[in-house]
């Protein structure tokens, strides 16, 4: 028999991602853990969830882990492969058709309001470390609610990010409206190897929602470069071990990611 | 049927249509349908001072940068995702300030191609508002003001004249000199058909002043005209058609081959080191006579192992690490 101790951090993160996925809703997904989490949801709690990729591949059913959003593994069993500008249309019309509401992002730095940097560390003109850049992230952050994947380290959770690639709640309530962004969309959750953070309904500031078993709220505050409200935090509830079996056997049988 | 035969060798096509200082746009998406054979020929012919953009870039963009062909990069993303999470020559050249680089969001880039293909002067979007894509420019203002290849500014924030409460980001469309698009099927008259995902490539083909099509198969035009609704690029668009089976290797090409994971791993290693990268160029670009010699060097066994399995559209269980 497996024991609780056999849940790895990544498997808990995948579970946390899957819980954000509702049946019959469409999600803009990147590769990596969000795809694993979304696939896990499709095999268990949300079989009719639809996965959309910024490369224009709609509702594919990947049988192997793709390496990018353009990987032909994602186009398997797709409903349609559309030109990328049509994907843009789905986004800018999202407020009219409530089909797609949420997308997944990742980054190198995040601030208390969920503004995200995936472009460069240091001075933008002569960066200390240069990353890929926005890709589709900025567009997802413009139009959709977002769920953000981060590594939980003090230098990554900082008061001010070096470059805002993907706008979050800007500086709190009303920040998005002031910038001309859709005001009712923005970051909803941040998932790390330590737990799940959410954003206060009023202040739009990040707080600790759930911590993974084996992690303490104190430990999470110590790994966060700004003051994090931990007063509402609860321990993350793990599902039964049958779910772990499904994750391992049906979602990533090659064990590339989990 | 009387139609112009646009078939050329790769060497002829690059010589005639890609010049120093040109604005070049490349097809595909990170590791899918990238015109790698054409990229190797551009490097071999020593083109320089290029203004380069591509659908999200991968090793194609990275190689051109590392070979010293690029003056300005306009892009939203540069990675051989899954193999190089950030392309390594790209990263080094940007960190050391050796090229000018302007960042966009993928959406904006996609729409810029579309608008350019439609002949529109700029797009008006909400994208990039509230981000440093608006406030921090990679190309300095004075360069925008003085370089005739570039628009006068990266972008302008303006109120929507039809709805003054709404802010918009106005972004000028690029003036692309030459686009290079790798496709599955093309006829000698230039009619072309992309199979699998199109990405932004139809727009890219039509936005540029000139267009080179490289293709897996040259097909008789009667065959492509039997089902013209399957063709996306009409014969009037391309200026050159170059027959290059495996012309996107080591990237994927739908209905033909998967990406070459081992090659991309090797590239990840060599592109992280100046000396190894130079040796890689010597071995795989300068030391190779033509595309056939390149394929011989990869080898039949390797090429056959990449053939996609019909029904899947990729190679199930492909060795990727």
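Considering every residue within the stretch B:133-140, establish whether at least one is facing chain A (nearest Cβ under 8 Å), modelled with pLDDT of 95 or more, over 23 Å from the mean Cα position of the chain (by Cα) and farther than 30 Å from residue B:215 by Cβ. Yes, because at least one residue in the stretch B:133-140 is facing chain A (nearest Cβ under 8 Å), modelled with pLDDT of 95 or more, over 23 Å from the mean Cα position of the chain (by Cα) and farther than 30 Å from residue B:215 by Cβ.
When the residues of the stretch B:94-111 are filtered to those that are without any contact (Cβ under 8 Å) to a residue 60 or more places away in the chain and more than 7 Å from chain A (Cβ to nearest Cβ), the one that is surrounded by the most Cβ atoms within 10 Å (Cβ to Cβ) is B:101.
Of the helices (runs of 4 or more DSSP H) lying entirely inside the stretch B:245-321, those containing at least 1 residues that are more than 29 Å from residue B:12 (Cα to Cα), within 14 Å of chain A (Cβ to nearest Cβ) and touching a strand residue (DSSP E or B) at 6+ places or on another chain (Cβ under 7 Å) span B:261-270.
When residue B:114 is tested against (1) modelled with pLDDT of 95 or more; (2) more than 21 Å from residue A:117 (Cβ to Cβ); (3) more than 7 Å from chain A (Cβ to nearest Cβ), only condition (3) is not met. In a residue-by-residue description of the stretch B:62-71, the property of being touching a residue at least 60 places away in the same chain (Cβ under 8 Å), within 11 Å of chain A (Cβ to nearest Cβ) and under 13 Å from the mean Cα position of the chain (by Cα) applies to no position. Of everything in the stretch A:142-157 that's surrounded by 22 or more Cβ atoms within 10 Å (Cβ to Cβ) and more than 11 Å from the chain's Cα centre (by Cα), which residue is nearest to the other protein chains (Cβ to nearest Cβ)? In this case the residue turns out to be A:142. Under the condition of being without any contact (Cβ under 8 Å) to a residue 60 or more places away in the chain and part of a helix (DSSP H, G or I), the residues counted in the stretch B:47-59 number 0. In the condition set (1) touching a residue at least 60 places away in the same chain (Cβ under 8 Å); (2) assigned to a loop (DSSP other than H, G, I, E, B), residue B:38 is compliant with all but (2).
Scanning the stretch B:291-313 for residues that are under 23 Å from the mean Cα position of the chain (by Cα), closer than 24 Å to residue B:39 by Cα and surrounded by 15 or more Cβ atoms within 10 Å (Cβ to Cβ) turns up B:291, B:294, B:295, B:298, B:303, B:306, B:308. The selection criterion, being crowded, with 24+ Cβ neighbours inside 10 Å and either part of a loop (DSSP other than H, G, I, E, B) or within 14 Å of chain B (Cβ to nearest Cβ) (or both), holds for residue A:168. Of the residues B:130, B:46, B:58, only one is over 25 Å from residue B:168 (Cβ atoms) and within 12 Å of another protein chain (Cβ to nearest Cβ); which? Going through B:130, B:46, B:58 in turn, the sole match is B:58. Could you check the stretch B:27-49 and list, in sequence order, the residues that are within 13 Å of the chain's Cα centre (by Cα) and more than 15 Å from residue B:246 (Cβ to Cβ)? Result: B:27, B:29, B:30, B:42.
Here is a list: B:28, B:55. Which entry is within 27 Å of residue B:128 (Cβ to Cβ), at pLDDT below 95 and either in contact with a helix residue (DSSP H, G or I) (Cβ under 9 Å, 6 or more places away or on another chain) or buried (at least 21 other Cβ atoms within 10 Å of the Cβ) (or both)? Criteria check complete, one pass: B:55. Under the condition of being within 22 Å of the chain's Cα centre (by Cα) and under 20 Å from residue B:126 (Cα atoms), the residues counted in the stretch A:71-91 number 6. Looking only at the stretch A:240-257, decide whether some residue is buried (at least 19 other Cβ atoms within 10 Å of the Cβ) and out of contact with any helix residue (DSSP H, G or I) (no Cβ under 9 Å at 6 or more places or on another chain). No, because not a single residue in the stretch A:240-257 is buried (at least 19 other Cβ atoms within 10 Å of the Cβ) and out of contact with any helix residue (DSSP H, G or I) (no Cβ under 9 Å at 6 or more places or on another chain). When the stretch A:109-140 is filtered for residues that are out of contact with any helix residue (DSSP H, G or I) (no Cβ under 9 Å at 6 or more places or on another chain), part of a strand (DSSP E or B) and either over 19 Å from residue A:37 (Cβ atoms) or within 10 Å of another protein chain (Cβ to nearest Cβ) (or both), the ones remaining, listed by number, are A:109, A:121.
The values are calculated or read from the model by the stated rules, or taken from the named source; none is laboratory data. Just so it is clear, the model here is predicted, and its values are computed rather than measured. Backbone-built Cβ (ideal geometry, glycine too); neighbour counts: all protein chains shown.
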